[in-house]
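Participant: I am attaching a structure below and will ask some questions about it afterwards.
The values are calculated or read from the model by the stated rules, or taken from the named source; none is laboratory data. Bear in mind that the values here come from a model prediction, so they are computed numbers and not experimental data. Counting neighbours? That spans all protein chains shown, and the Cβs are built from the backbone with ideal geometry, glycine included.
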Amino acid sequence: MEKLLLLGDEAIAQGFIDAGGTAINSYPGTPSTQITEYVMKSKQAKELGIIANWCANEKTALEASIGVAYAGKRAMTCMKHVGLNVSGDPFMNAAIIGTKGVLIVVADDPSMFSSQDEQDSRFYGHWAMIPMLEPSNQQEAYDMVYYGYELSERLGTPVLYRIPTRLAHSRAGVVRKPVRKQNPLTEPADAKSFVLLPANAKNLYRSLIDKQPEFTKASETSGYNVYIDGADKSLGIVTTGIAYNYLMENFKDGKCPHPVVKVTQYPLPYDMIDKLYDSCDELLVLEDGQPFVEEQIKGFLGKGKKVKGRLDETIRRDGEMSAEKVAKALGIKEAASFTIPQVVTNRPPALCQGCPHTDSYNALNAVMANHKGGKVFGDIGCYTLGFNMKAIHTTVCMGASITMAKGASEVGVFPAVAVIGDGTFGHSGMTGLLDCVNEKANVVVMILDNDITAMTGGQPSSANNKIRRICEGLGVAPEHIRDIVPLPKNHEENVRIIEEEVAYNGVSVIIPHRTCIVELKKHLKK
(Lines give C-alpha, C1' and ligand atoms only; values in the text may rest on other atoms or scores of the structure.)
Protein backbone atom coordinates (compact mmCIF):
# COMPACT_ATOMS: atom_id res chain seq x y z
CA MET A 1 0.00 0.00 0.00
CA GLU A 2 0.90 3.67 -0.39
CA LYS A 3 3.23 5.25 2.19
CA LEU A 4 2.73 8.88 3.23
CA LEU A 5 4.78 11.31 5.35
CA LEU A 6 2.25 12.56 7.88
CA LEU A 7 1.90 14.50 11.10
CA GLY A 8 0.32 12.49 13.88
CA ASP A 9 -2.82 14.60 13.41
CA GLU A 10 -2.78 13.88 9.68
CA ALA A 11 -2.29 10.15 10.27
CA ILE A 12 -5.45 10.12 12.38
CA ALA A 13 -7.32 12.08 9.71
CA GLN A 14 -6.19 9.75 6.91
CA GLY A 15 -7.09 6.80 9.10
CA PHE A 16 -10.58 8.23 9.55
CA ILE A 17 -11.02 8.61 5.79
CA ASP A 18 -9.69 5.12 5.00
CA ALA A 19 -11.56 3.40 7.86
CA GLY A 20 -14.99 4.26 6.49
CA GLY A 21 -15.60 7.46 8.41
CA THR A 22 -18.69 9.38 7.36
CA ALA A 23 -18.68 12.60 9.42
CA ILE A 24 -16.16 14.53 11.49
CA ASN A 25 -17.52 17.26 13.78
CA SER A 26 -15.01 19.30 15.76
CA TYR A 27 -14.04 22.58 17.35
CA PRO A 28 -10.53 23.90 16.61
CA GLY A 29 -8.04 23.68 19.43
CA THR A 30 -4.27 23.31 19.28
CA PRO A 31 -2.84 20.65 18.97
CA SER A 32 -5.91 18.87 17.48
CA THR A 33 -6.88 21.33 14.73
CA GLN A 34 -5.00 19.75 11.82
CA ILE A 35 -7.04 16.53 12.02
CA THR A 36 -10.26 18.14 10.87
CA GLU A 37 -8.48 20.56 8.53
CA TYR A 38 -6.82 17.63 6.75
CA VAL A 39 -10.19 15.97 6.15
CA MET A 40 -11.69 19.24 4.94
CA LYS A 41 -8.89 19.69 2.39
CA SER A 42 -8.72 16.04 1.29
CA LYS A 43 -9.75 15.35 -2.30
CA GLN A 44 -10.39 11.72 -1.33
CA ALA A 45 -12.74 12.80 1.48
CA LYS A 46 -14.71 14.98 -0.92
CA GLU A 47 -15.00 12.15 -3.44
CA LEU A 48 -16.29 9.83 -0.71
CA GLY A 49 -18.85 12.41 0.40
CA ILE A 50 -17.39 12.70 3.89
CA ILE A 51 -18.92 15.48 5.99
CA ALA A 52 -16.49 17.74 7.86
CA ASN A 53 -17.78 20.56 10.09
CA TRP A 54 -16.42 23.15 12.47
CA CYS A 55 -19.09 23.39 15.15
CA ALA A 56 -19.97 26.15 17.62
CA ASN A 57 -18.18 24.32 20.45
CA GLU A 58 -17.03 20.87 21.54
CA LYS A 59 -20.38 19.98 23.11
CA THR A 60 -22.35 20.59 19.93
CA ALA A 61 -19.68 18.78 17.92
CA LEU A 62 -19.86 15.61 20.00
CA GLU A 63 -23.65 15.68 20.06
CA ALA A 64 -23.63 15.83 16.25
CA SER A 65 -21.35 12.78 16.15
CA ILE A 66 -23.67 10.90 18.51
CA GLY A 67 -26.42 11.68 16.02
CA VAL A 68 -24.29 10.18 13.24
CA ALA A 69 -23.81 7.06 15.37
CA TYR A 70 -27.57 6.84 15.94
CA ALA A 71 -27.88 6.47 12.15
CA GLY A 72 -25.31 3.63 12.14
CA LYS A 73 -22.45 5.60 10.57
CA ARG A 74 -18.87 6.10 11.78
CA ALA A 75 -18.10 9.51 13.30
CA MET A 76 -15.18 11.36 14.85
CA THR A 77 -15.02 14.43 17.06
CA CYS A 78 -11.70 16.18 17.72
CA MET A 79 -10.78 18.72 20.39
CA LYS A 80 -8.01 19.75 22.75
CA HIS A 81 -7.99 18.59 26.35
CA VAL A 82 -9.79 21.58 27.87
CA GLY A 83 -12.45 21.17 25.18
CA LEU A 84 -13.32 17.82 26.73
CA ASN A 85 -14.58 19.78 29.75
CA VAL A 86 -17.01 21.61 27.48
CA SER A 87 -18.27 18.33 26.00
CA GLY A 88 -18.43 16.59 29.38
CA ASP A 89 -22.23 16.19 29.41
CA PRO A 90 -22.61 14.31 26.11
CA PHE A 91 -19.28 12.53 26.70
CA MET A 92 -20.41 10.87 29.92
CA ASN A 93 -23.84 10.01 28.53
CA ALA A 94 -22.43 8.65 25.28
CA ALA A 95 -20.70 6.02 27.43
CA ILE A 96 -23.93 5.04 29.16
CA ILE A 97 -26.01 4.68 26.00
CA GLY A 98 -23.35 2.48 24.41
CA THR A 99 -22.65 4.71 21.43
CA LYS A 100 -21.10 2.66 18.62
CA GLY A 101 -18.78 3.91 15.90
CA VAL A 102 -17.61 7.13 17.59
CA LEU A 103 -13.98 8.05 18.23
CA ILE A 104 -13.46 11.04 20.51
CA VAL A 105 -9.98 12.34 19.72
CA VAL A 106 -8.50 14.54 22.45
CA ALA A 107 -5.11 16.21 22.07
CA ASP A 108 -3.47 16.86 25.43
CA ASP A 109 -0.85 19.57 25.88
CA PRO A 110 1.85 18.64 28.43
CA SER A 111 3.98 21.71 29.24
CA MET A 112 1.06 23.97 28.24
CA PHE A 113 2.52 25.15 24.94
CA SER A 114 -0.83 26.71 24.03
CA SER A 115 -3.16 25.93 26.92
CA GLN A 116 -4.26 27.00 30.38
CA ASP A 117 -3.44 23.68 32.08
CA GLU A 118 -1.90 20.22 31.69
CA GLN A 119 -5.14 18.29 32.17
CA ASP A 120 -4.78 14.58 31.34
CA SER A 121 -7.79 13.29 29.40
CA ARG A 122 -7.24 9.70 30.50
CA PHE A 123 -8.91 10.54 33.81
CA TYR A 124 -12.07 11.41 31.89
CA GLY A 125 -12.04 8.12 30.00
CA HIS A 126 -11.47 6.18 33.22
CA TRP A 127 -14.29 8.11 34.88
CA ALA A 128 -16.63 7.31 31.98
CA MET A 129 -15.48 3.65 32.07
CA ILE A 130 -14.79 3.46 28.33
CA PRO A 131 -11.82 2.05 26.39
CA MET A 132 -9.00 4.43 25.54
CA LEU A 133 -6.29 4.34 22.89
CA GLU A 134 -2.95 6.18 23.14
CA PRO A 135 -0.67 5.55 20.13
CA SER A 136 3.10 5.74 20.52
CA ASN A 137 3.90 6.77 16.93
CA GLN A 138 2.33 7.96 13.68
CA GLN A 139 1.82 4.46 12.25
CA GLU A 140 -0.05 3.40 15.36
CA ALA A 141 -1.99 6.67 15.21
CA TYR A 142 -3.24 5.62 11.77
CA ASP A 143 -3.78 1.94 12.53
CA MET A 144 -5.59 2.60 15.79
CA VAL A 145 -8.33 4.52 14.01
CA TYR A 146 -9.22 1.31 12.15
CA TYR A 147 -8.93 -0.70 15.34
CA GLY A 148 -10.82 1.91 17.40
CA TYR A 149 -13.89 1.69 15.19
CA GLU A 150 -13.82 -2.11 15.24
CA LEU A 151 -13.50 -2.04 19.03
CA SER A 152 -16.29 0.51 19.39
CA GLU A 153 -18.73 -1.42 17.22
CA ARG A 154 -17.85 -4.83 18.67
CA LEU A 155 -18.12 -3.79 22.31
CA GLY A 156 -20.84 -1.16 21.93
CA THR A 157 -18.96 1.80 23.35
CA PRO A 158 -17.43 5.11 22.30
CA VAL A 159 -13.63 5.17 22.41
CA LEU A 160 -11.49 7.99 23.77
CA TYR A 161 -8.43 8.45 21.58
CA ARG A 162 -5.65 10.45 23.31
CA ILE A 163 -2.56 12.04 21.76
CA PRO A 164 -0.08 14.58 23.19
CA THR A 165 1.31 17.63 21.39
CA ARG A 166 4.60 15.97 20.39
CA LEU A 167 2.88 13.14 18.53
CA ALA A 168 0.26 15.44 17.00
CA HIS A 169 2.86 17.78 15.48
CA SER A 170 5.73 15.48 14.44
CA ARG A 171 6.03 13.59 11.14
CA ALA A 172 6.82 10.01 10.17
CA GLY A 173 6.12 7.60 7.32
CA VAL A 174 2.72 5.91 7.48
CA VAL A 175 1.68 2.87 5.45
CA ARG A 176 -1.99 3.00 4.47
CA LYS A 177 -4.52 0.19 4.67
CA PRO A 178 -7.21 -0.65 2.10
CA VAL A 179 -10.08 1.84 2.12
CA ARG A 180 -13.11 0.50 3.95
CA LYS A 181 -16.65 1.21 2.74
CA GLN A 182 -18.82 3.44 4.88
CA ASN A 183 -21.49 1.81 7.04
CA PRO A 184 -25.03 1.71 5.63
CA LEU A 185 -27.77 3.83 7.18
CA THR A 186 -29.41 1.79 9.95
CA GLU A 187 -31.76 2.07 12.92
CA PRO A 188 -30.47 1.49 16.48
CA ALA A 189 -30.80 -2.13 17.57
CA ASP A 190 -32.42 -0.93 20.79
CA ALA A 191 -34.30 2.34 20.32
CA LYS A 192 -34.62 2.80 24.11
CA SER A 193 -30.84 2.97 24.51
CA PHE A 194 -30.81 6.58 23.30
CA VAL A 195 -33.53 7.66 25.74
CA LEU A 196 -31.99 8.35 29.14
CA LEU A 197 -35.14 8.31 31.23
CA PRO A 198 -34.21 7.07 34.73
CA ALA A 199 -35.67 3.59 34.19
CA ASN A 200 -33.65 3.13 31.00
CA ALA A 201 -30.53 4.86 32.32
CA LYS A 202 -30.30 2.54 35.34
CA ASN A 203 -30.28 -0.54 33.11
CA LEU A 204 -27.85 1.03 30.65
CA TYR A 205 -25.45 2.01 33.43
CA ARG A 206 -25.54 -1.52 34.80
CA SER A 207 -24.79 -2.79 31.30
CA LEU A 208 -21.75 -0.48 31.08
CA ILE A 209 -20.45 -1.86 34.37
CA ASP A 210 -20.99 -5.43 33.19
CA LYS A 211 -18.92 -4.72 30.05
CA GLN A 212 -15.79 -3.80 32.01
CA PRO A 213 -14.25 -7.32 31.95
CA GLU A 214 -14.68 -7.33 28.15
CA PHE A 215 -12.90 -3.99 27.89
CA THR A 216 -10.01 -5.29 30.01
CA LYS A 217 -9.80 -8.53 28.02
CA ALA A 218 -9.57 -6.48 24.82
CA SER A 219 -6.63 -4.56 26.29
CA GLU A 220 -4.85 -7.79 27.24
CA THR A 221 -5.32 -9.49 23.87
CA SER A 222 -5.39 -6.79 21.16
CA GLY A 223 -1.64 -6.76 20.59
CA TYR A 224 -1.38 -3.02 21.24
CA ASN A 225 -0.30 -3.66 24.85
CA VAL A 226 2.96 -5.62 24.93
CA TYR A 227 5.14 -7.27 27.57
CA ILE A 228 8.82 -7.02 26.51
CA ASP A 229 11.16 -9.14 28.62
CA GLY A 230 14.57 -7.95 29.79
CA ALA A 231 17.47 -9.51 31.64
CA ASP A 232 17.93 -6.85 34.34
CA LYS A 233 15.06 -7.44 36.78
CA SER A 234 16.23 -4.80 39.25
CA LEU A 235 13.75 -2.47 37.56
CA GLY A 236 10.54 -2.98 35.60
CA ILE A 237 9.28 -0.15 33.39
CA VAL A 238 5.72 0.72 32.41
CA THR A 239 5.45 3.11 29.47
CA THR A 240 2.37 4.72 27.95
CA GLY A 241 1.96 6.03 24.43
CA ILE A 242 4.80 8.23 23.19
CA ALA A 243 6.75 7.72 26.44
CA TYR A 244 7.85 4.36 25.00
CA ASN A 245 9.80 6.26 22.33
CA TYR A 246 11.43 8.49 24.93
CA LEU A 247 12.60 5.34 26.72
CA MET A 248 13.98 3.65 23.59
CA GLU A 249 15.86 6.77 22.44
CA ASN A 250 18.26 6.09 25.30
CA PHE A 251 19.40 2.73 23.89
CA LYS A 252 21.34 2.79 20.62
CA ASP A 253 20.70 -0.89 19.90
CA GLY A 254 16.96 -0.43 20.41
CA LYS A 255 16.94 -2.83 23.36
CA CYS A 256 16.10 -1.86 26.91
CA PRO A 257 17.89 -4.10 29.46
CA HIS A 258 14.86 -3.99 31.78
CA PRO A 259 11.48 -5.67 31.30
CA VAL A 260 8.94 -3.23 29.82
CA VAL A 261 5.17 -3.14 29.56
CA LYS A 262 4.20 -0.90 26.66
CA VAL A 263 0.67 0.44 27.21
CA THR A 264 -1.25 2.00 24.32
CA GLN A 265 -4.75 0.73 25.15
CA TYR A 266 -6.85 1.08 28.29
CA PRO A 267 -8.19 -0.26 30.66
CA LEU A 268 -4.74 -1.20 31.87
CA PRO A 269 -3.52 -4.72 31.02
CA TYR A 270 -3.51 -5.80 34.66
CA ASP A 271 -2.11 -9.29 34.02
CA MET A 272 0.95 -7.87 32.21
CA ILE A 273 1.60 -5.29 34.92
CA ASP A 274 1.10 -7.88 37.65
CA LYS A 275 3.67 -10.11 35.94
CA LEU A 276 6.11 -7.18 35.72
CA TYR A 277 5.59 -6.32 39.37
CA ASP A 278 6.16 -9.88 40.56
CA SER A 279 9.35 -10.36 38.50
CA CYS A 280 11.11 -7.04 39.24
CA ASP A 281 12.49 -5.38 42.38
CA GLU A 282 10.79 -2.06 41.72
CA LEU A 283 8.81 -0.27 39.00
CA LEU A 284 9.25 2.99 37.08
CA VAL A 285 6.21 4.46 35.33
CA LEU A 286 6.84 6.70 32.29
CA GLU A 287 3.80 8.61 31.04
CA ASP A 288 3.44 11.92 29.20
CA GLY A 289 0.93 13.70 31.37
CA GLN A 290 -0.28 13.28 34.91
CA PRO A 291 0.36 10.16 37.07
CA PHE A 292 -2.72 8.34 35.80
CA VAL A 293 -1.17 4.88 35.44
CA GLU A 294 1.11 5.29 38.45
CA GLU A 295 -1.83 5.98 40.76
CA GLN A 296 -3.71 2.94 39.48
CA ILE A 297 -0.70 0.64 39.85
CA LYS A 298 -0.15 1.71 43.42
CA GLY A 299 -3.83 1.16 44.07
CA PHE A 300 -4.41 -2.28 42.57
CA LEU A 301 -1.05 -3.85 43.42
CA GLY A 302 -0.29 -2.47 46.87
CA LYS A 303 2.17 -5.24 47.71
CA GLY A 304 4.88 -3.03 49.13
CA LYS A 305 7.38 -2.73 46.27
CA LYS A 306 8.50 0.73 45.27
CA VAL A 307 6.69 2.31 42.31
CA LYS A 308 8.48 5.40 41.01
CA GLY A 309 7.27 8.03 38.58
CA ARG A 310 5.66 11.43 38.69
CA LEU A 311 4.06 11.09 42.12
CA ASP A 312 7.44 10.97 43.86
CA GLU A 313 8.92 13.28 41.17
CA THR A 314 11.44 10.76 39.91
CA ILE A 315 10.02 12.35 36.77
CA ARG A 316 8.94 15.94 37.38
CA ARG A 317 5.19 16.01 37.89
CA ASP A 318 4.75 19.01 35.60
CA GLY A 319 5.90 19.43 32.04
CA GLU A 320 6.33 17.34 28.92
CA MET A 321 8.12 14.00 29.02
CA SER A 322 11.45 13.78 27.17
CA ALA A 323 14.29 11.35 26.50
CA GLU A 324 16.52 13.43 28.79
CA LYS A 325 14.08 13.15 31.70
CA VAL A 326 13.86 9.40 31.19
CA ALA A 327 17.67 9.12 31.11
CA LYS A 328 17.90 11.00 34.39
CA ALA A 329 15.32 8.72 35.98
CA LEU A 330 17.26 5.66 34.80
CA GLY A 331 20.58 7.08 35.98
CA ILE A 332 22.07 7.08 32.48
CA LYS A 333 24.90 9.61 32.67
CA GLU A 334 25.88 9.66 29.02
CA ALA A 335 22.43 10.45 27.68
CA ALA A 336 22.28 12.91 24.81
CA SER A 337 21.07 16.32 25.95
CA PHE A 338 19.61 19.14 23.97
CA THR A 339 20.86 22.61 24.77
CA ILE A 340 19.48 25.81 23.31
CA PRO A 341 22.17 27.80 21.42
CA GLN A 342 23.05 31.12 23.05
CA VAL A 343 22.11 32.95 19.86
CA VAL A 344 18.49 31.91 20.43
CA THR A 345 16.62 34.28 22.73
CA ASN A 346 13.16 34.03 24.22
CA ARG A 347 10.52 35.81 22.20
CA PRO A 348 7.34 36.41 24.15
CA PRO A 349 4.11 36.01 22.14
CA ALA A 350 2.67 39.24 20.86
CA LEU A 351 -0.18 40.50 18.73
CA CYS A 352 0.73 40.67 15.04
CA GLN A 353 1.79 43.99 13.56
CA GLY A 354 -1.41 45.61 12.31
CA CYS A 355 -3.69 43.42 14.46
CA PRO A 356 -7.05 45.15 15.02
CA HIS A 357 -7.00 44.07 18.67
CA THR A 358 -4.08 46.42 19.33
CA ASP A 359 -6.18 49.46 18.44
CA SER A 360 -9.14 48.13 20.44
CA TYR A 361 -6.93 47.75 23.52
CA ASN A 362 -5.33 51.15 23.05
CA ALA A 363 -8.77 52.75 23.18
CA LEU A 364 -9.85 50.62 26.14
CA ASN A 365 -6.65 51.40 28.06
CA ALA A 366 -7.26 55.12 27.57
CA VAL A 367 -10.73 54.74 29.09
CA MET A 368 -9.66 52.51 31.99
CA ALA A 369 -6.92 55.00 32.92
CA ASN A 370 -9.77 57.28 34.07
CA HIS A 371 -11.36 54.54 36.20
CA LYS A 372 -8.74 53.24 38.63
CA GLY A 373 -11.09 50.78 40.35
CA GLY A 374 -12.21 49.17 37.12
CA LYS A 375 -11.27 45.72 35.88
CA VAL A 376 -11.09 44.14 32.42
CA PHE A 377 -11.94 40.44 32.22
CA GLY A 378 -10.29 38.68 29.29
CA ASP A 379 -10.98 35.46 27.46
CA ILE A 380 -9.36 32.74 25.33
CA GLY A 381 -7.99 33.77 21.94
CA CYS A 382 -5.45 36.12 20.35
CA TYR A 383 -6.73 38.97 22.49
CA THR A 384 -5.35 37.16 25.56
CA LEU A 385 -2.08 38.75 24.45
CA GLY A 386 -3.59 42.04 25.59
CA PHE A 387 -2.14 41.07 28.96
CA ASN A 388 1.25 42.19 27.62
CA MET A 389 -0.34 45.58 26.93
CA LYS A 390 -1.64 45.71 30.53
CA ALA A 391 -5.13 45.71 29.01
CA ILE A 392 -6.71 42.70 30.75
CA HIS A 393 -6.67 41.38 34.29
CA THR A 394 -7.95 37.80 33.86
CA THR A 395 -8.03 34.83 31.48
CA VAL A 396 -9.62 31.67 32.84
CA CYS A 397 -11.59 29.68 30.27
CA MET A 398 -13.73 30.03 27.15
CA GLY A 399 -16.57 32.47 27.78
CA ALA A 400 -15.57 33.35 31.35
CA SER A 401 -14.93 37.03 30.58
CA ILE A 402 -18.62 37.94 30.44
CA THR A 403 -19.77 35.92 33.43
CA MET A 404 -16.79 37.00 35.55
CA ALA A 405 -17.51 40.64 34.69
CA LYS A 406 -21.13 40.09 35.70
CA GLY A 407 -20.17 38.53 39.03
CA ALA A 408 -17.61 41.24 39.82
CA SER A 409 -20.05 44.00 38.89
CA GLU A 410 -22.72 42.63 41.18
CA VAL A 411 -20.40 42.89 44.19
CA GLY A 412 -19.25 46.43 43.46
CA VAL A 413 -16.50 46.44 40.82
CA PHE A 414 -16.93 49.41 38.46
CA PRO A 415 -16.48 49.53 35.60
CA ALA A 416 -16.57 45.79 34.85
CA VAL A 417 -15.54 45.23 31.24
CA ALA A 418 -15.48 41.90 29.41
CA VAL A 419 -13.32 41.38 26.32
CA ILE A 420 -14.15 38.39 24.14
CA GLY A 421 -13.58 37.49 20.48
CA ASP A 422 -16.17 36.69 17.85
CA GLY A 423 -15.20 33.01 17.79
CA THR A 424 -15.24 32.63 21.56
CA PHE A 425 -18.51 34.56 21.80
CA GLY A 426 -20.08 31.98 19.47
CA HIS A 427 -18.45 29.15 21.43
CA SER A 428 -19.60 30.01 24.94
CA GLY A 429 -20.18 33.73 25.39
CA MET A 430 -23.83 33.97 24.39
CA THR A 431 -25.23 32.28 27.49
CA GLY A 432 -23.19 34.59 29.71
CA LEU A 433 -24.55 37.63 27.91
CA LEU A 434 -28.08 36.30 28.43
CA ASP A 435 -27.35 36.07 32.17
CA CYS A 436 -26.24 39.72 32.10
CA VAL A 437 -29.43 40.78 30.36
CA ASN A 438 -31.64 38.77 32.70
CA GLU A 439 -29.95 40.18 35.80
CA LYS A 440 -29.67 43.74 34.37
CA ALA A 441 -25.95 43.69 35.09
CA ASN A 442 -23.90 46.87 34.79
CA VAL A 443 -21.27 45.57 32.38
CA VAL A 444 -19.61 46.55 29.13
CA VAL A 445 -18.94 43.62 26.79
CA MET A 446 -16.45 44.22 23.99
CA ILE A 447 -16.75 41.56 21.28
CA LEU A 448 -13.58 41.91 19.20
CA ASP A 449 -14.69 40.82 15.73
CA ASN A 450 -11.87 40.01 13.32
CA ASP A 451 -14.02 37.78 11.04
CA ILE A 452 -12.20 34.58 11.93
CA THR A 453 -11.15 32.15 14.65
CA ALA A 454 -7.60 33.42 14.44
CA MET A 455 -5.52 31.80 17.17
CA THR A 456 -6.14 28.24 15.92
CA GLY A 457 -5.29 29.07 12.31
CA GLY A 458 -8.15 30.93 10.68
CA GLN A 459 -11.20 28.68 10.92
CA PRO A 460 -14.61 30.30 10.31
CA SER A 461 -16.22 31.98 13.29
CA SER A 462 -19.65 30.61 14.17
CA ALA A 463 -20.90 34.11 15.02
CA ASN A 464 -19.54 35.78 11.88
CA ASN A 465 -21.77 38.53 10.42
CA LYS A 466 -24.48 38.01 13.03
CA ILE A 467 -23.10 39.32 16.31
CA ARG A 468 -25.41 42.36 16.44
CA ARG A 469 -28.47 40.25 15.68
CA ILE A 470 -27.48 37.71 18.34
CA CYS A 471 -27.05 40.44 20.94
CA GLU A 472 -30.40 41.98 20.06
CA GLY A 473 -32.02 38.54 20.22
CA LEU A 474 -30.57 38.02 23.69
CA GLY A 475 -32.20 41.25 24.83
CA VAL A 476 -29.47 43.88 24.70
CA ALA A 477 -30.99 47.29 23.96
CA PRO A 478 -30.17 48.13 20.29
CA GLU A 479 -29.02 51.65 21.16
CA HIS A 480 -26.39 50.14 23.46
CA ILE A 481 -24.92 47.87 20.83
CA ARG A 482 -22.19 50.06 19.36
CA ASP A 483 -20.07 49.36 16.29
CA ILE A 484 -16.57 50.81 16.06
CA VAL A 485 -13.68 50.42 13.62
CA PRO A 486 -10.39 49.80 15.48
CA LEU A 487 -7.89 52.00 13.62
CA PRO A 488 -5.47 54.63 14.93
CA LYS A 489 -7.34 57.38 13.07
CA ASN A 490 -10.53 56.48 14.97
CA HIS A 491 -8.89 56.37 18.41
CA GLU A 492 -10.53 59.47 19.88
CA GLU A 493 -14.00 58.50 18.62
CA ASN A 494 -13.61 54.96 19.94
CA VAL A 495 -12.52 56.24 23.36
CA ARG A 496 -15.62 58.46 23.45
CA ILE A 497 -17.97 55.58 22.59
CA ILE A 498 -16.46 53.28 25.21
CA GLU A 499 -16.71 56.06 27.83
CA GLU A 500 -20.39 56.57 26.98
CA GLU A 501 -21.16 52.90 27.49
CA VAL A 502 -19.18 52.73 30.73
CA ALA A 503 -21.38 55.58 31.99
CA TYR A 504 -24.55 53.68 31.08
CA ASN A 505 -25.99 51.67 34.01
CA GLY A 506 -26.86 48.45 32.24
CA VAL A 507 -25.68 45.96 29.64
CA SER A 508 -23.65 47.48 26.81
CA VAL A 509 -22.06 45.69 23.88
CA ILE A 510 -19.28 47.27 21.80
CA ILE A 511 -18.27 45.51 18.58
CA PRO A 512 -14.86 46.59 17.22
CA HIS A 513 -14.80 45.10 13.72
CA ARG A 514 -11.79 44.78 11.42
CA THR A 515 -10.53 41.68 9.60
CA CYS A 516 -7.57 39.78 11.07
CA ILE A 517 -4.41 41.10 9.41
CA VAL A 518 -3.10 37.57 8.71
CA GLU A 519 -6.40 36.54 7.13
CA LEU A 520 -6.45 39.73 5.08
CA LYS A 521 -2.97 38.97 3.72
CA LYS A 522 -4.17 35.51 2.64
CA HIS A 523 -6.98 37.05 0.61
CA LEU A 524 -4.70 39.68 -0.93
CA LYS A 525 -2.36 36.92 -2.19
CA LYS A 526 -5.19 35.14 -4.01
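Participant: Restricting to the range 172-191, and then to whatever is touching a residue at least 24 places away in the same chain (Cβ under 8 Å) and aliphatic (A, V, I, L, M), can you tell me which residue is nearest to residue 203 (Cα to Cα)?
Facilitator: Out of the qualifying residues, it is 185.
Participant: Is it the case that the range 344-351 has a residue that's at pLDDT 85 or above and outside the structural domain of residue 29 (by TED's automatic domain parsing)?
Facilitator: yes
Participant: Can I ask one more? Tell me the residue from 419, 443, 437 that is farther than 22 Å from residue 32 by Cα, modelled with pLDDT of 95 or more, in contact with an Asp or Glu (Cβ under 8 Å, 6 or more places away or on another chain) and assigned by TED's automatic domain parsing to the domain that holds residue 361, please.
Facilitator: Result: 419 is the single residue among 419, 443, 437 that is farther than 22 Å from residue 32 by Cα, modelled with pLDDT of 95 or more, in contact with an Asp or Glu (Cβ under 8 Å, 6 or more places away or on another chain) and assigned by TED's automatic domain parsing to the domain that holds residue 361.
Participant: Hey, among the residues in the range 433-450 that are farther than 20 Å from residue 498 by Cα and out of contact with any Lys or Arg (no Cβ under 8 Å at 6 or more places or on another chain), which one's surrounded by the fewest Cβ atoms within 10 Å (Cβ to Cβ)? Walk me through how you get there before you give the answer.
Facilitator: Residues of the range 433-450 farther than 20 Å from residue 498 by Cα: 434-435, 438-439.
So of that shortlist, the ones also out of contact with any Lys or Arg (no Cβ under 8 Å at 6 or more places or on another chain) come out as 434, 438.
On the way: 434: 15, 438: 12.
Filtering first and then ranking leaves 438.
Participant: For the range 3-25, enumerate the residues that are in a strand (DSSP E or B) and either over 18 Å from residue 462 (Cα atoms) or free of Cβ contacts under 8 Å to residues at least 40 places away in the same chain (or both).
Facilitator: Within the range 3-25, 3, 4, 5, 6, 7, 23 meet the criteria.
Participant: Still on this structure, please answer the following. Among the residues of the range 473-482, are any in contact with a Leu (Cβ under 9 Å, 6 or more places away or on another chain) and surrounded by fewer than 15 Cβ atoms within 10 Å (Cβ to Cβ)?
Facilitator: yes
Participant: Does at least one position in the range 270-277 carry a residue that is basic (Lys, Arg) and assigned to a loop (DSSP other than H, G, I, E, B)?
Facilitator: Of the residues in the range 270-277, the ones basic (Lys, Arg) are 275.
Those left that are additionally assigned to a loop (DSSP other than H, G, I, E, B): none.
Within the range 270-277 (the criterion being basic (Lys, Arg) and assigned to a loop (DSSP other than H, G, I, E, B)), the answer is no, since none of the residues qualifies.
Participant: Across the range 26-54, what is the number of residues that are in a loop (DSSP other than H, G, I, E, B) and either touching a Ser or Thr at 6+ places or on another chain (Cβ under 7 Å) or closer than 21 Å to residue 142 by Cβ (or both)? Explain how you work it out, then say what you get.
Facilitator: Quick first cut of the range 26-54, residues in a loop (DSSP other than H, G, I, E, B) only: 27-32, 42, 48-50.
Filter once more, so that each one left must be either touching a Ser or Thr at 6+ places or on another chain (Cβ under 7 Å) or closer than 21 Å to residue 142 by Cβ (or both): 28-32, 42, 48, 50.
Qualifying residue count for the region: 8.
Participant: Restricting attention to the range 185-219, which residues are assigned to a helix (DSSP H, G or I) and surrounded by 16 or more Cβ atoms within 10 Å (Cβ to Cβ)?
Facilitator: If the condition is that a residue be assigned to a helix (DSSP H, G or I) and surrounded by 16 or more Cβ atoms within 10 Å (Cβ to Cβ), then 193, 194, 200, 204, 208, 215, 216, 218, 219 are the ones that fit.
Participant: Out of the residues in the range 257-284 meeting the condition of being among the hydrophobic types (A, V, I, L, M, F, W, C) and in contact with a Phe, Trp or Tyr (Cβ under 9 Å, 6 or more places away or on another chain), tell me which one is surrounded by the most Cβ atoms within 10 Å (Cβ to Cβ). Before the answer, list the steps.
Facilitator: Within the range 257-284, the subset among the hydrophobic types (A, V, I, L, M, F, W, C) is 260-261, 263, 268, 272-273, 276, 280, 283-284.
Next, from what is left, pick out any that are in contact with a Phe, Trp or Tyr (Cβ under 9 Å, 6 or more places away or on another chain): 260-261, 263, 268, 272-273, 276, 283.
On the way: 260: 23, 261: 25, 263: 28, 268: 23, 272: 20, 273: 23, 276: 25, 283: 24.
By that ranking, first place goes to 263.
Participant: Right, here's the next one. So residue 176 fits all but one of (1) crowded, with 21+ Cβ neighbours inside 10 Å; (2) in contact with a strand residue (DSSP E or B) (Cβ under 7 Å, 6 or more places away or on another chain); what number is the exception?
Facilitator: (1)
Yes/no per residue for (1) touching a residue at least 12 places away in the same chain (Cβ under 8 Å); (2) of a type outside the set (Asp, Glu); (3) closer than 19 Å to residue 136 by Cα:
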| site | (1), (2), (3) |
| --- | --- |
| 264 | yes, yes, yes |
| 275 | yes, yes, no |
| 309 | yes, yes, yes |
| 324 | yes, no, yes |
| 330 | yes, yes, no |
| 342 | no, yes, no |
| 354 | yes, yes, no |
| 366 | yes, yes, no |
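Participant: A follow-up question, please. Only one of (1) on the phi > 0 side of the Ramachandran plot; (2) touching a strand residue (DSSP E or B) at 6+ places or on another chain (Cβ under 7 Å); (3) not aromatic (Phe, Trp, Tyr) is not met by residue 313, so which one is it?
Facilitator: Of the numbered conditions (1) on the phi > 0 side of the Ramachandran plot; (2) touching a strand residue (DSSP E or B) at 6+ places or on another chain (Cβ under 7 Å); (3) not aromatic (Phe, Trp, Tyr), the odd one out for residue 313 is (2).
Participant: In this structure, is residue 406 in the same structural domain as residue 369 (by TED's automatic domain parsing), among the basic types (Lys, Arg) and not in a helix (DSSP H, G or I)?
Facilitator: Details: in the same structural domain as residue 369 (by TED's automatic domain parsing): yes; among the basic types (Lys, Arg): yes; not in a helix (DSSP H, G or I): no.
For residue 406, the condition - in the same structural domain as residue 369 (by TED's automatic domain parsing), among the basic types (Lys, Arg) and not in a helix (DSSP H, G or I) - is not met.
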